[in-house]
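No lab work stands behind these numbers, since they all come straight from the coordinates. Here the structure is a predicted model, which means the values were calculated and not measured. Using ideal geometry, Cβ is built from the backbone for each residue, glycine included, and neighbour counts are taken over all protein chains shown.
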Amino acid sequence: MNAPASPAPAFRARNLLGVLAFLMRYRGSVALAIVLLLVNIGLEMTLPQVSGAAINNLQKALTHQAAFTPWQFAEVFIALAVARAAVGLVLGRVRNRLVQATLKDIRAAYFDAVQRLSFAYHDKTNTGELISRGTADISRLQEFLFACLFLGIDITFAVVITMVMITITNWKVGVAAMLTLAPTMGLIAFFARQLYPRWRKVHDLHGEMTTVIQENIAGVRVVKAFAREGDEIAKFRRHRDVFVRTTLATVSSWANRVPFTQFIFNLSTPLTLWIGGRAVIAGAMPVGSLAKIVFYLLGLGNRMGAIGQFVNVLQNASASSERVMEVLEDPLKIPSGSRRLSTVGGAVVVFDKVSFAYPGGGREVLHEVSLEAKAGQTIAVVGATGAGKSTLVHLIPRFYDPTAGAIRIDGFDARELDLVELRRSVGMIFQETVLFSASVTENIAYGRPDATPAQVIAAARAAHAHEFITEMERGYDTVVGERGVSLSGGQKQRLAIARAFLLDPRILILDDATSSLDAKTERLIQEDMRRVCLGRTAFVIAHRLTTVQHAEQVIVLKEGRIVEQGTFAELARGGGLFCELFREQLADREGGRA
Amino acid sequence: MSTGEDFLLEEALDQKPMNFYLLRRLFALTRGYRLLVAANVGGTLLLLGSQLLGPYLIRTAINSYLTNISSPAAAMRGVEWIAGCYFANLLLGWALTVAQVRTALTIGWRMMNDLRLQVFEHIQALSLSYFDKTHQGRIINRADADIDAMEQVLSWGANQLLAISITLVGVFCIMLSYSWRLCLVVSVVLPPLIVGTFFFQRLIMEAHRQVRRQSSRLTATLAENISGVRVVQAMGRESENLGKFQELHGVYVERAYDAARIFHTYMPTLGLISGIGVALVLGYGGSLALQPAPQRIALGDLTAFILYVQMFFGPVQTMGDLYNNILSAGASAERIFQLLDTKPQVIDRVQATALPVIAGEVRFEHVCFRYETTPEDRWVLDDVDFAAEAGQTVALVGHTGSGKTSIISLLARFYEPQRGRILVDGHDIAQATVESLHRQLGIVTQENFLFTGTVLDNLRFGRPEATDEDVQEAARAVGTDELIRQMKDGYATKVAERGGNFSAGTRQLLCITRALVARPRILILDEATSAVDSKSEALIQSALDILLAGRTTFVIAHRLSTVRKASQILVLQHGRIVERGTHESLTAAGGVYAGLHAEFARHV
C-alpha cells in the first residue's frame, strides 16, 4: 500500500541496463544465487506432490485396505522442508552479499562522480537533489536488484511449474486455471501501471503539505509579526483537504481494482472443484490429486501480490536509475591532462582572449579577456556584481573551461596539465569558508593530509589562528563544522588562511574572502590575507577597494570585458569606472556605512 | 548532514509501547467516525468468516461428495452446489474486501489528518519561546513524520491486528471442532512460531537501528562533500575522500549483512516450522484417518487441516511487522500529545480588548526580562525605561547580546516581560489582543524571509485584503515597482523556497515593500549587514527613508546614516540603557556611543 515515491518519466531500459552492468561484475555469485533460487522453487513445488500423494494413498488404504504408513510421507515432507530451509538459508546470504557488494560499487561510483562533477553541473543542481539521488534513489535500485534476482525469477518459475503440474494432473483443470491466471496477471500489471501515477500524485501532495509546514515554521517570526496565523491555518487546511481527498480517491480506485484481480484468480478454486470434482466422481482422478491442485493454487495465490510489487519496483527503478546514471555519466566532466608543473615559486598566469559562457546559459559572461600575471604579482579584480569577477578566477583551477581562448600557466595550456596537480597548486579562500565535520587539525590539513602536527601549528600561527584554537577546550582536536563547534566568520577565515599557508600553493585566489566579515574583523584579518599572498601569484576579488591598494595590477571588469587595467594609483586618477567606484566608496565612508 | 538531520534520524528510531493513556487519547480521535469504525469492525468480522469458509467448503465437498461416492449424479449435483457456494462466497469476499479497505483507510487517513491540522493549529498558537528552544526540524516532524508513522498503524494496522487475532482464534476453533487430537498435536508449532517471530523481530529491529545509524552517517558524509564540493575540488581531495567514504561504507555494509543474516535465518525457519506443521497433519492425521470411529478423521478434514495450518503463518508474520510499527507509532503519539499539551505562553487575557487604531506612541515602563533559557540570576533587559513619541525614529545601538533584539521582541509581544509594562498610545499591550497589535505592526528583519508563491502574494502577506493597485502603489512609493516589473513574470514571478531565486538585496527590497503594503503604525527594523552591491544599497536606503516617514520606528542600526537621522538613540550595554540622546548630543558627550561611532567611521 505504500506510495511509490519518485516521479516516473518514460520507462527507459538503457539506464536499468547500466545498473545491471554493476551486478554483472559478480557473474559467479549471480549464477550461484539463481541456481539456489531455482532449487528452492523446485523443492517448494514438490511439497504439494507429497501431500497429494499422501492423501491419495490414504484413500486407497481406506477403500482398498492397501498398506499405508502415514509417517513415511511425513518424514519425506520434513526432509524436503529441511532441505528447503537449508537452501533458503544459504540463498539469503549469497543474495544479500551480492546485492550489498553491487550497491557498494554503485555508491562508491556515485560518491566519486559527485565529487568530480564539474562546477557547471553543481551550479544547476541543488544539494538536496544530489543527496536524495545518492540515498533514496540508490535504495530503490536495491529493491530493483532484489526484484531482478528474486521476484521476477520466482514469479516466472512458480507460475510455469505450477501450471505444468496442474495440467499434468488434469489438463481440463489446467486449462481452467490458466484461463483465470492469464487475465489476473495481465490486470495486476495493468492496474499497477495505472495506479502508479496516482500514488505519485499522493506523494507529491504530501510533499507540498510538508513544504507548507516547513515554511511556516521557518518563517514563524514573519507569520507572527503580520498576525497571519489564521490565514496560515486556512492555507494548510486547503493543502490538507486536497491531500486527503486525493489520497482517499486513490485508495478508492485501488480498492476498485486490486481486490478484483484477487477475485478473478480465486475463481480457479471453484472451477477446480467443479471440473476436478467431475473427474473424481468419474473415477478419472483420485481425490488427493484434487487436493494437490488446491495446494498448488494456494501457493500461487500468495505470489499474485508480488506481481504488482514487481511492476512498481521496475517503474521506480527506471526513474531512479535515470537519475543516478545521469550523474555517473556527467557530460560536463572536465578531462585531465598529463603534463606536470614545477612546484616552486609564483606561477605566470596568462589569459589569452578568454571567452566564457555557462553551459546552457547562452550569454557570454567573459568576452576576450586577456591579461598576464607575472610570477609573484597580486592582481586585484574589481567590478560590479555580475561583471564576471568570480567566473574569471574560477577558470584558473579549471572549475570551468573557457569556451574560446586559452589560459596558460607557466606557458602551458591549463587543459594539458594534470588536473589534480593543477588544483593543488592553486589555493582558494572563498567568501564563506566550508569547514568539514572533523578536527581543527584535519580541517587545516585538508589540502595536505600528510602534514605533520608541527606544520599545522606553524600554519595556524602564521594565520593568527593559533591563539583562538588553543583557547578552545580541546584545542586542535576540537571538532568543527556542521556537527561540531561553530566558529565566527573571522575565525573561519583565519582557518582558511592557515589552510593556504600549509598548502603553500603557487597561485592563490581570494574570492571575496573578507566581504562577509564585519568591519572590525575585516580590518584585523586584512594584514594576514596580504601576507599569505607573498611570494605567490595572487588574484584578489574585493568589494572594498581600499583593501587592494597594494596590488601590482588592478583589472576592472564590466559586463565580462576588461574596461580598465593598471596600477591602483593610475586608475584612481584616471577618471574612468574605477575612479567612479572609488569616489562612490569614499563618499559612502563620509556617509558612514558600517 | 547537519546535527539536525542526525538527531531526526535518531528520533525516528525511538520506540515505545502504546500504553493505556495513549490508547485512550487516540480513541478519542475516532469521535465523528464511530459509525465508520463500527462498520469496519463488522465488515472485517464478516470478511474473516468468508475467508475461513473456503477450506470448510472444500472439506465438505471431499467428505460428502468426493469420497465414498454412492450415486455419481447426486455427488455431481452436490459438487456443483458447493462450487456455486464457493463462487458466491468469493463474490461476498470481494465486496467485503473493498468495503474493508475503504473504511479502514478512510478512518485512518481522516483521523490522522484531523490530528495533523490540530497540530498545525497548535503550532500557530505557540509562542516564540517554544521555537527558540525547540529545533525546527523537530517541530516539523510532529506534523509530518510522526503523523505519518501513526497514519500507517492506525489506517491499516489496527484493522490488521483485529484480523490477525480473529484469524488465529478462528482457525484454532475450527481445527478443534474437526479433531481435537490432531488440533492439539498440530498446535505444537504455534509456540515456537510466535516466540520465534517476536525473538527475531527484536533482533531485526535492533539490527535495523544499527543499519540506519550507519546509513545516516553515510548520508552526512555525502551531504558534506556535496555542499563543500568546491573546496574538495579546489584542494584535489577526491581520492582521499573516496577512501574515507568507502571505509565508512564498509561498516555500513557489515551492519546491513548482520540485519540481513537475521532476516534470512528467520524466513527459512518460518518455512521449516510450517513444513513441520503440515508433516504432522500428514503423519498423525494420516494415522488418525486409519483409526476406528471416535478418533477417526475424514479425508476432507485432513485436507482442510493442511489448508488451515498454513493460515497460521501469514498472520503471525504480519504481527511481527506490525509490532514494530506499533512501537514507533507509540513514540510518535506521545511526542504529538506532548506538543498539543504545551501551553502557549503569550495568550490573550480573558478580558483582552482589541487596540483601537493607534498613533504610535510607545512607552517602556521599568521593563525587566529574561528568556526561559537565561540563568535565573541574570536579566536580559534590566529596568529598561523610555518613551517614544508617535512618528519618532528610535535607534537601538549596542554590541551583540546587549538586548536590542529583546526590546523589539517584547514590543511585538513575542514574549512578555517579567516586570514592568509596555504601553502603546497609553494601552498596556499585555491587556490587548495579540492580533490587534500585530495588525498595526510592521517588521523587517535581517532574515528577509519570503514564502513560496508569487511576488504579489508575498507583498500582500501583511494585508491580504490589499488590492493589486494598493500593492503596486506601495512598490512605486518605495521604488521597487521597476525592479519587480523587470522580473520574468513581473508581479506574478514565482518565489522559490525562502526566496532562493532572488539576490539578498532584492529579497530585502521585497520585504521593505511588504512592510509598506501592510501600512503599519509602528515599524520595527533590523538593518541587514549582508553585502549587497552599491546600486541595491542606494535603492534600499531610499526605500527605507520612505517606509520610515511618519511612522514610529524602532531600528537596530547598522548604518551610520540611520543613526544620525534618528530622533532618539538608545545605547544598550548588558541589557541596560547606558546612554540616550541624539547623535549630536551623544557624540559631544564622549561616552560609549562616541566610541562606537568612532569605530564605525574609521572604516569604509
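Things worth noting here:
- Net charge of neighbours whose Cβ lies under 10 Å from the Cβ of residue A:459, counting Lys and Arg as +1 and Asp and Glu as -1: +2
- Taking the inverse of the mean reciprocal distance over all distinct Cα pairs, the Kirkwood hydrodynamic radius of region B:451-519 comes to 11.6 Å.
- Column: log10 I(q)/I(0), Debye, Cα scatterers of chain A, q = 0.09 Å⁻¹: -0.91
- With the charge dipole of the protein assembly as shown set up from +1 on Lys and Arg Cβ and -1 on Asp and Glu Cβ about the Cα centre, the Cα lying farthest toward the positive end among the listed residues B:274, A:569, A:49 is that of A:49.
- Looking at region A:125-225, none of the GluC sites (Glu not before Pro) sits in a DSSP loop with at most 13 other Cβ atoms within 10 Å of its own Cβ.
- Each residue in A:521, A:184 was given a count of other beta-carbon atoms within 10 angstrom of its own, and listing them fewest first yields A:521, A:184.
- Amide N proximity, region A:505-547 versus residue A:370 label position 7 Å along Cα-to-Cβ, cut-off under 18 Å: none
- Taken about its Cα centre, region A:433-504 carries a charge dipole of roughly 160 debye when the Cβ of each Lys and Arg holds +1 and the Cβ of each Asp and Glu holds -1.
- Cα centroid of region A:498-516 to Cα centroid of region B:19-66, whole Å: 71 Å
- For region A:294-367, the fraction of alpha-carbon pairs lying more than 17 Å apart is 76 percent, rounded to a whole number.
- Computed E for residue B:376/residue B:486 - FRET, C-beta separation, R0 56 angstrom, nearest 0.05: 0.55
- From the alpha carbon centroid of region A:144-195 to that of region B:445-515 is 59 Å.
- The longest stretch of chain B left intact once loop-based trypsin sites (Lys or Arg not before Pro) with at most 11 other Cβ atoms within 10 Å are removed from consideration, loops following DSSP, is B:32-348.
- Estimated FRET transfer efficiency when R0 is 51 angstrom, pair residue A:127-residue A:172 (beta carbons, to 0.05): 0.20
- Residue B:127 long-range amide H proximity, modeled H, under 5 Å: B:345, B:346
- An ellipsoid equivalent to region A:171-284, defined through the eigenvalues of its Cα gyration tensor, has semi-axes of 55, 11, 8 Å when rounded to whole angstrom and sorted largest first.
- Hydrodynamic radius (Kirkwood) for region A:1-159, which is based on Cα pairs only, to one decimal in Å: 19.5 Å
- Cα pair count fraction exceeding 30 Å, expressed as % - chain B: 70 percent
- Altogether, the Stokes-Einstein calculation at 25 °C and 0.890 mPa s, with the Kirkwood radius of the protein assembly as shown over Cα pairs as Rh, returns a diffusion coefficient of 69 µm²/s.
- Rounded to the nearest whole Hz, the Karplus-based 3J(HN,Hα) values (6.51 cos²θ - 1.76 cosθ + 1.60, θ = phi - 60°) of region B:214-231 follow the sequence 5, 5, 5, 5, 4, 4, 4, 5, 4, 4, 5, 5, 6, 5, x, 4, 5, 5, with x at glycine and proline.
- Calculated mean residue ellipticity, 222 nm, chain A: -20500 deg cm²/dmol, from DSSP H runs (n ≥ 4) at -39500 (n - 2.57) each, averaged per residue and rounded to 500.
- Listing B:367, A:287, A:479 from fewest to most neighbouring C-beta atoms within 10 Å gives A:479, B:367, A:287.
- Scattering from region A:433-504 was approximated by placing one identical point on each alpha carbon and applying the Debye formula without solvent; log10 I(q)/I(0) at 0.26, 0.28 1/Å stands at -1.26, -1.49.
- Residues B:190, B:57, A:495, sorted so that the one with the fewest Cβ neighbours within 10 Å comes first: B:190, B:57, A:495
- Normalising the average separation of contacting C-alpha pairs (under 8 angstrom, six or more residues apart) by the number of residues puts the relative contact order of chain A at 15 percent.
- Using the Cβ-Cβ distance between residue A:309 and residue A:204 with R0 = 30 Å, the FRET efficiency computed as 1/(1 + (r/R0)^6) comes to roughly 0.90.
- When only Cα pairs below 8 angstrom with a gap of at least 6 residues are kept, region A:337-395 shows a relative contact order of 30 percent.
- Contact order relative to length of region B:331-416, as percent, for alpha carbon pairs under 8 angstrom and 6 or more apart: 26 percent
- Think of each Lys and Arg Cβ as +1 and each Asp and Glu Cβ as -1; about the Cα centre, that makes the dipole of region B:3-341 roughly 800 debye.
- Label positions at residue B:494 and residue B:573, each projected 7 Å from the Cα along the C-beta direction, are separated by 5.3 nm.
- From the Kirkwood radius over Cα pairs of region B:3-341, Stokes-Einstein at 37 °C and 0.692 mPa s returns a whole-number translational diffusion coefficient of 136 µm²/s.
- Charged-residue dipole, Cβ positions (Lys, Arg, Asp, Glu), the protein assembly as shown about Cα centre, Debye nearest 20: 3420 debye
- Under a 5 Å amide H cut-off, with hydrogens placed 1.01 Å from N, residue A:405 pairs with A:355 among residues at least 5 apart or on other chains.
- Inter-label distance, nm, simple model (7 Å from Cα along the C-beta direction), residue B:501/residue B:239: 4.3 nm
- Amide H contacts of residue B:524 (H built 1.01 Å from N, in plane; Pro and chain starts excluded): B:442, B:443, B:444, B:554 sit under 5 Å, all sequence-distant by 5 or more or on other chains.
- The calculated 222 nm mean residue ellipticity attributable to helices in chain B amounts to -20000 deg cm²/dmol, summing -39500 (n - 2.57) over DSSP H runs of n ≥ 4 and dividing by all residues.
- Note on residue B:359 and residue A:108: the model spin-label points, each 7 Å out from Cα along the C-beta direction, lie 7.8 nm apart.
- When the Cα positions of B:118, B:552, B:263 are compared along the charge dipole of the protein assembly as shown, B:263 comes out farthest toward the positive end, with charges on each C-beta of Lys, Arg, Asp and Glu.
- Placing unit charges on the Cβ atoms of the charged side chains and taking the dipole of the protein assembly as shown about its Cα centre, the candidate lying farthest along the positive direction among A:26, B:44, A:356 is B:44.
- When every Cα-Cα distance of region B:406-505 is counted in 5 angstrom steps from zero, the calculated P(r) takes the values 2, 10, 18, 19, 14, 12, 11, 8, 4, 1, 0 percent.
- Backbone N atoms of region B:89-105 closer than 19 Å to the 7 Å Cα→Cβ label point of residue B:35 belong to residues B:99-105.
- Gyration tensor (Cα) of region B:130-277, equivalent ellipsoid semi-axes in angstrom: 47, 24, 9
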